[in-house]
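The structure under discussion appears below in the form of structure tokens.
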Amino acid sequence: MLRRRALGLLAASTTLAGPARAQDDWAKVADAAKKEGKLVIYTASIGSPSLKTVTKAFEQKYGIAVELFEARASEVRERVRVEQAAGRFLGDIHHNGSTTTWLMNRDGNFQPHGPIPNIKNIVPPYEADDIRVPAEVISYALMINRNLVKPADEPKSWKDILDPRWTGKILSDDYRALGGGAVFFVVMHDTFGKEFLEKLATQKPVFSRDIQNSERRVARGEFPLYLPFSLQDTNTLKGLPIKPIVPVEGRPYVRFDLAMLKNAPRPNAARLFMNFYLEPEQQIIYANAGYNPVVKGVIEKTIEELRQLLATKALGTTVPERQDAMLEMAKQIFK
Amino acid sequence: MVTVAAPLGERTASFGGLWRWGRPAGIAALILILCFLSLYPMVMLLYGSLHSTPPGIAGEFNLNGYINIATTENLVVLANTVGISLVKTVLALALAVLLAWIVARTDTPGRGVLEVLITLPFFIPPILTATAWAMLGNAQVGTINLAWRWLSGSDTTLVDVYSYGGVIWHMMQYSTPFIFLFVVDAFRAMDPSLEESSRMSGATRWQTFWRVTFALMLPVTTSAFILSFIRGIESFESAVFFGVPVGIEVITTTIYNSITQRAQPDYQSATALSFAALALMFLLLVMQSRLLRGRSFTTVTGKGYSPNITRLGRLRWVTFGLCIVFFALTVALPIGQLLLSSFFKFFGFYEADMLTLEHYRSVWENSGFWRAFGNTMLLGVVGASATMALGGIVAYVTTRTRWRGRRLIDLLAWLPWMMPGMVLGIGFLWGFAILPHGIPIYGTLWALLLAYIALGTPVAVRVTSSAYQQIANDIEECSRVHGAGWWQTLGRILIALAWPAFAVGWVLIFFGIMRELSASILLYAPGTEVLSVVMLKMWVSGKPEEVSVIGLVMLVLVLLFRWVQLKFIKKRISTL
């Protein structure tokens, strides 16, 4: 009896001491990070104002200088690969789409990040593991030109884009190449089956790979419909006659991940930044820019016009293992 | 021809000790430099094409890369690429030669100003002119088609830039001024006595132009043709913007797909395809060499002369009109669109409530832009000067000596031009990264500088060798007879006479550096960003208006450079 009580007290004291100890440990991480003095991030999020705001806030809070190497996903990947092969370990954090991150993890380009307190706040369907930490989410919708599409004709479901009225009138990101188009293709395939995509091919969508220009082509009235539209572009296009629509089935999405690069020269600063990135104050920056946040309690505080779009159902995302097979299928269907 | 070339062996022997002892060392040094700049990254790429995995990953040597590219699909792509490039180069060459003749050899009014204006499109980032043309020439709501429908009352489409025609037209806007820059000074540096002799022998004006003027221009026109044709094969922006949406694929879009558009980048196929294209381009070079072999193209002799100006009479207003039409189509329309757009909130939306100076303010206050601007200016000035120095020496060795090893030097200097930029960038990345860590190149400005020198050397060599070929040997001999040394003769005779070509080459390379992205994006490090990288960041993050502002800043710089350059050329010609 006595023994059980003693064990109970010990357990209680451990529970009470746990957070305190964790806090103590984390303070040590922060101190070590400050001594490291710098953080180098390799990111595929080129020119992102949100990332810049978050890194500035991190610099101000901890006095740790952040350097960004920004390039396209495949360029970041090759740069990391060749640097590590040559024994040059220059970067600390890698920030890229989940497919590239998955491939690089398979190739052994990362190391475990260790305990990060804010990981506990991540909400499903997003989840972290010992290597990857979800950062933010790009969500895809439809975009219409308000001058060309009457409210009554607006698509409500993804299936509505198969209506003959849209034949030859859809501008789309290319499904046959990595990017938003490929994400859309996979999610539509998994949701509605191959037949949906074959019917979509008969709609003769026009492909383009320059997303920014495509959105403006629709805004100028060249096409009434663009898909898939990245919701983070909503703010950039404010003032143009366009409208984003998330169909009733939900939004395809693709996650951006943070991971610690192998032999990162500043591992503590990297951990500190990962934890900082998951704080609600940083996540709300992304949410107000049109990205889905990955932690709880943020979406409710997002600005009204974006909240309605972001609070919709997450329909699905890409599966890295099947990516090349799906790109091949897209080439067959959309010749 | 007016001069007879002196035996080169004789000429070189007279430079005394420098030639005897310095020559082998100089040749060896030149070969070493060129090997590092061009052969080294190419060897890395060759390894990539023959190995199942890129450097640093375990794999095996095989020919799968080359086997995989031998498909009907790729043959169609190859035919497309060659066809598009050939058509655009022929059209651009014809137009450029005509414009150069008008500007340099006729009394067309305002030709000094026209010369600057005609070359402007070359210096604008292609993505900007593509955007401008997408607004002007799209089938649905393009400004040209809307104007056509309004004027004609029909609902037909006059132009559609999303087509073969659109791809060729967009490429021509770069090729025409590029070739023009090459040939215009060659037209100017021509002793009129050659043409006068032809006229006095009874030839018509047209026969004289074709058999004398144009024939004498062969080295420069064929060089410009080949440079432009090869660049056409490697062109990416026009095809990806106007071709891919309608199913027109070219070699570079296929390479781009292999590297960036698959979950697992296929470097082996991409590099193998690039080497296949390189073999094709190499054949062209052999053809040019055969075409020019054994012929003399001397037009600048020791005699004083001033370029012959053809008086066109009333026809000069026709030639003036032609230049104005070219200017209006390739400069005023797209640049006007850019200028207008830079004052509105959104590109192409011209409403009073959207007027703003925000884009200018935003660029002005962007510290990243200024850092990149500083880096780019430094790299541009140092890079263009170093490249022209290297190119000038290489051209001298290959055109005015018979040194053993000169063909190898010529080939080494050509190599970087024959590899698409996006692939060569990977070669530099692989090459510089595996250097011993004690050599401070990787991750520094040196990496960018060396890549830029390698990329610019082919242009520098072509520009200067074309100019050297026009200078008679007697001038050089005269210098020697009067006791000048090798360096003195090089500096005070050859460079002094060929310097308009040097100036053109310098400007071409300087602005080539300002625009270069493929290698820059792979080689820059935090703190060494350059303008092209900053522009990519702005473009991807949805700020084409700010990219326009930077494009316009670049244009102002071009105008300044060209004005200074032409001012000096005029001064030089009046003193000849």
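The values are calculated or read from the model by the stated rules, or taken from the named source; none is laboratory data. Source: prediction; values computed, not measured. Glycine gets a Cβ as well: all are built from the backbone with ideal geometry, and neighbour counts include every protein chain shown.
Could you grab me the full set of residues in the stretch B:432-449 that are more than 10 Å from chain A (Cβ to nearest Cβ) and either under 30 Å from the mean Cα position of the chain (by Cα) or among the charged types (D, E, K, R) (or both)?
Matches in the stretch B:432-449: B:P440, B:I441, B:T444, B:L445, B:W446, B:A447, B:L448, B:L449.
Return the residues of the stretch B:330-359 that are modelled with pLDDT of 90 or more and surrounded by fewer than 17 Cβ atoms within 10 Å (Cβ to Cβ); say none if nothing qualifies.
The answer is B:L355, B:T356, B:L357, B:E358.
Consider the stretch B:157-202. How many of its residues are exposed (fewer than 15 other Cβ atoms within 10 Å of the Cβ) and either modelled with pLDDT of 90 or more or on the phi > 0 side of the Ramachandran plot (or both)?
2
Somewhere in the stretch B:403-414, is a residue in contact with an Asp or Glu (Cβ under 8 Å, 6 or more places away or on another chain) and either assigned to a helix (DSSP H, G or I) or free of Cβ contacts under 8 Å to residues at least 60 places away in the same chain (or both)?
Filtering the stretch B:403-414 for residues in contact with an Asp or Glu (Cβ under 8 Å, 6 or more places away or on another chain) gives none.
No, the stretch B:403-414 contains no residue that is in contact with an Asp or Glu (Cβ under 8 Å, 6 or more places away or on another chain) and either assigned to a helix (DSSP H, G or I) or free of Cβ contacts under 8 Å to residues at least 60 places away in the same chain (or both).
Regarding the stretch B:95-102, can at least one residue be identified that is closer than 20 Å to B:F242 by Cβ, surrounded by fewer than 17 Cβ atoms within 10 Å (Cβ to Cβ) and either over 17 Å from the mean Cα position of the chain (by Cα) or not assigned by TED's automatic domain parsing to the domain that holds B:L531 (or both)? Even if it seems obvious, please write down each step before you answer.
As a first pass, look at the stretch B:95-102 and keep what is closer than 20 Å to B:F242 by Cβ: B:95.
Of the ones still in play, those that are also surrounded by fewer than 17 Cβ atoms within 10 Å (Cβ to Cβ) are none.
The answer is no, given that none of the residues of the stretch B:95-102 is closer than 20 Å to B:F242 by Cβ, surrounded by fewer than 17 Cβ atoms within 10 Å (Cβ to Cβ) and either over 17 Å from the mean Cα position of the chain (by Cα) or not assigned by TED's automatic domain parsing to the domain that holds B:L531 (or both).
Where the second residue is small (G, A, S) and part of a loop (DSSP other than H, G, I, E, B) and the first is more than 12 Å from every other protein chain (Cβ to nearest Cβ) and in contact (Cβ under 8 Å) with a residue 40 or more places away in the chain and lies in the stretch A:218-233, which pairs have Cβ atoms under 7 Å and are six or more apart or on separate chains?
Correct list of pairs: A:L231/A:G290.
Specify which of the listed residues (B:G374, B:G348, B:G391) is under 28 Å from A:G47 (Cβ atoms), within 26 Å of the chain's Cα centre (by Cα) and of a type in the set (G, A, S). Break it down into steps so the answer makes sense when it comes.
Numbers: B:G348 fails: within 26 Å of the chain's Cα centre (by Cα); B:G391 fails: under 28 Å from A:G47 (Cβ atoms).
Result: B:G374 is the single residue among B:G374, B:G348, B:G391 that is under 28 Å from A:G47 (Cβ atoms), within 26 Å of the chain's Cα centre (by Cα) and of a type in the set (G, A, S).
Within the bounds of the stretch B:74-87, is there any residue that is crowded, with 20+ Cβ neighbours inside 10 Å, within 20 Å of the chain's Cα centre (by Cα), farther than 22 Å from B:N257 by Cα and hydrophobic (A, V, I, L, M, F, W, C)?
no
Taking the stretch B:338-368 as the region of interest, how many residues are closer than 23 Å to A:E70 by Cα and small (G, A, S)?
If we filter the stretch B:338-368 for residues that are closer than 23 Å to A:E70 by Cα, which is where we start, we get B:359, B:362-368.
Narrowing the set further to residues that are small (G, A, S) leaves B:362, B:367-368.
Selection size over the stretch B:338-368: 3.
Only residues that are within 9 Å of chain B (Cβ to nearest Cβ), closer than 30 Å to A:K35 by Cβ and of a type in the set (A, V, I, L, M, F, W, C): list them for the stretch A:70-108, please.
A:A71, A:V82, A:A85, A:A86, A:L90
Criterion first (touching a Leu at 6+ places or on another chain (Cβ under 6 Å), more than 11 Å from chain B (Cβ to nearest Cβ), buried (at least 20 other Cβ atoms within 10 Å of the Cβ) and not charged (D, E, K, R)) does A:H113 satisfy it? Steps first, answer last, please.
Details: touching a Leu at 6+ places or on another chain (Cβ under 6 Å): no; more than 11 Å from chain B (Cβ to nearest Cβ): yes; buried (at least 20 other Cβ atoms within 10 Å of the Cβ): yes; not charged (D, E, K, R): yes.
In short, no.
Please go through the stretch A:234-254 and give me each residue that is of a type in the set (A, V, I, L, M, F, W, C), in a strand (DSSP E or B) and either within 9 Å of chain B (Cβ to nearest Cβ) or within 21 Å of the chain's Cα centre (by Cα) (or both), ordered by number. Step through it out loud before you land on a result.
Within the stretch A:234-254, the subset of a type in the set (A, V, I, L, M, F, W, C) is A:237, A:240, A:242, A:245-246, A:248, A:254.
Of the ones still in play, those that are also in a strand (DSSP E or B) are A:242, A:245, A:254.
Selection gives A:I245, A:V254.
Pick from the stretch B:473-524 the residues that are of a type in the set (V, I, T) and within 30 Å of B:L128 (Cα to Cα): which of them is farthest from the chain's Cα centre (by Cα)? Steps first, please.
Narrowing the stretch B:473-524 to residues of a type in the set (V, I, T): B:475, B:481, B:489, B:493, B:495, B:504, B:507, B:509, B:513, B:521.
Restricting the remaining residues to those that are within 30 Å of B:L128 (Cα to Cα) gives B:504, B:507, B:509, B:513, B:521.
Working: B:V504: 11, B:V507: 10, B:I509: 8, B:I513: 11, B:I521: 20 Å.
The selected residue is B:I521.
What number goes with the only condition from (1) under 27 Å from B:R23 (Cα atoms); (2) within 14 Å of chain A (Cβ to nearest Cβ); (3) of a type in the set (V, I, T) that B:I475 does not pass?
In the conditions (1) under 27 Å from B:R23 (Cα atoms); (2) within 14 Å of chain A (Cβ to nearest Cβ); (3) of a type in the set (V, I, T), B:I475 misses (2) alone.
Could you check how many residues of the stretch B:249-274 are of a type in the set (G, A, S), within 13 Å of chain A (Cβ to nearest Cβ) and in a helix (DSSP H, G or I)? Even if it seems obvious, please write down each step before you answer.
Applying the first criterion (of a type in the set (G, A, S)) to the stretch B:249-274 yields B:258, B:263, B:269-270, B:272, B:274.
Subset that is within 13 Å of chain A (Cβ to nearest Cβ): B:258, B:263, B:270.
Checking which are in a helix (DSSP H, G or I) leaves us with B:258, B:270.
Of the residues in the stretch B:249-274, 2 are of a type in the set (G, A, S), within 13 Å of chain A (Cβ to nearest Cβ) and in a helix (DSSP H, G or I).
Quick one: count up the residues across the stretch B:432-454 that are without any contact (Cβ under 8 Å) to a residue 60 or more places away in the chain, over 21 Å from B:A372 (Cα atoms) and of a type outside the set (G, A, S).
Residues that pass the stated criteria total 4.
What's the number of the only condition in (1) within 12 Å of chain B (Cβ to nearest Cβ); (2) touching a helix residue (DSSP H, G or I) at 6+ places or on another chain (Cβ under 7 Å) that A:S48 fails to meet?
Checking A:S48 against (1) within 12 Å of chain B (Cβ to nearest Cβ); (2) touching a helix residue (DSSP H, G or I) at 6+ places or on another chain (Cβ under 7 Å), the one that fails is (2).
Each row is one residue, and each column tells you yes or no for (1) at pLDDT 85 or above; (2) within 24 Å of B:I31 (Cα to Cα); (3) of a type in the set (A, V, I, L, M).
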{"site": "B:L449", "(1), (2), (3)": "yes, yes, yes"}
{"site": "B:T457", "(1), (2), (3)": "yes, yes, no"}
{"site": "B:A460", "(1), (2), (3)": "yes, yes, yes"}
{"site": "B:G485", "(1), (2), (3)": "no, yes, no"}
{"site": "B:S520", "(1), (2), (3)": "yes, no, no"}
{"site": "B:T528", "(1), (2), (3)": "yes, no, no"}
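Quick test of your reading of the structure: A:F192 fulfils all but one of (1) aromatic (F, W, Y); (2) buried (at least 18 other Cβ atoms within 10 Å of the Cβ); (3) more than 14 Å from chain B (Cβ to nearest Cβ). Name the failing condition by number.
A:F192 satisfies all of (1) aromatic (F, W, Y); (2) buried (at least 18 other Cβ atoms within 10 Å of the Cβ); (3) more than 14 Å from chain B (Cβ to nearest Cβ) except (2).
Consider B:V246 carefully, then state whether it is among the β-branched types (V, I, T), within 14 Å of chain A (Cβ to nearest Cβ), without any contact (Cβ under 8 Å) to a residue 24 or more places away in the chain and within 26 Å of A:S74 (Cα to Cα). Before you say what the answer is, go through the steps one by one.
Numbers: among the β-branched types (V, I, T): yes; within 14 Å of chain A (Cβ to nearest Cβ): yes; without any contact (Cβ under 8 Å) to a residue 24 or more places away in the chain: no; within 26 Å of A:S74 (Cα to Cα): yes.
Considered against the rule, which asks whether it is among the β-branched types (V, I, T), within 14 Å of chain A (Cβ to nearest Cβ), without any contact (Cβ under 8 Å) to a residue 24 or more places away in the chain and within 26 Å of A:S74 (Cα to Cα), B:V246 comes out as no.
Out of all the residues in the stretch B:349-365, which are in contact (Cβ under 8 Å) with a residue 60 or more places away in the chain and among the polar types (S, T, N, Q)? So that I can check it myself, show each step before the final result.
Residues of the stretch B:349-365 that are in contact (Cβ under 8 Å) with a residue 60 or more places away in the chain, as a first pass: B:359-360, B:362-363.
Scanning the stretch B:349-365 gives a single hit, B:S362.
Quick check on the stretch B:492-511. Is at least one of its residues outside any helix (DSSP H, G or I) and hydrophobic (A, V, I, L, M, F, W, C)? Working first, answer last.
Step one: list which residues in the stretch B:492-511 are outside any helix (DSSP H, G or I), which gives none.
Looking for residues that are outside any helix (DSSP H, G or I) and hydrophobic (A, V, I, L, M, F, W, C), one finds none in the stretch B:492-511, hence no.
Is it true that A:E67 is surrounded by 14 or more Cβ atoms within 10 Å (Cβ to Cβ), more than 13 Å from every other protein chain (Cβ to nearest Cβ) and of a type outside the set (S, T, N, Q)?
No, not satisfied.
Of all residues being closer than 30 Å to A:K238 by Cβ and small (G, A, S) in the stretch A:299-329, which is nearest to the other protein chains (Cβ to nearest Cβ)? Just the residue, please. Don't jump to the end; show me each part of the working.
Of the stretch A:299-329, the ones closer than 30 Å to A:K238 by Cβ are A:299-318.
With the extra rule that they be small (G, A, S), the set shrinks to A:311, A:314, A:316.
Working: A:A311: 24, A:A314: 22, A:G316: 17 Å.
If we take residues in the stretch A:299-329 being closer than 30 Å to A:K238 by Cβ and small (G, A, S), then A:G316 is nearest to the other protein chains (Cβ to nearest Cβ).
Can you tell me how many residues in the stretch B:35-60 are aliphatic (A, V, I, L, M), within 14 Å of chain A (Cβ to nearest Cβ) and surrounded by 21 or more Cβ atoms within 10 Å (Cβ to Cβ)?
Of the stretch B:35-60, the ones aliphatic (A, V, I, L, M) are B:37, B:39, B:42-46, B:50, B:57-58.
The next check asks that each one be within 14 Å of chain A (Cβ to nearest Cβ); those that pass are B:44-45, B:57-58.
The next check asks that each one be surrounded by 21 or more Cβ atoms within 10 Å (Cβ to Cβ); those that pass are B:44-45.
Number of matching residues: 2.
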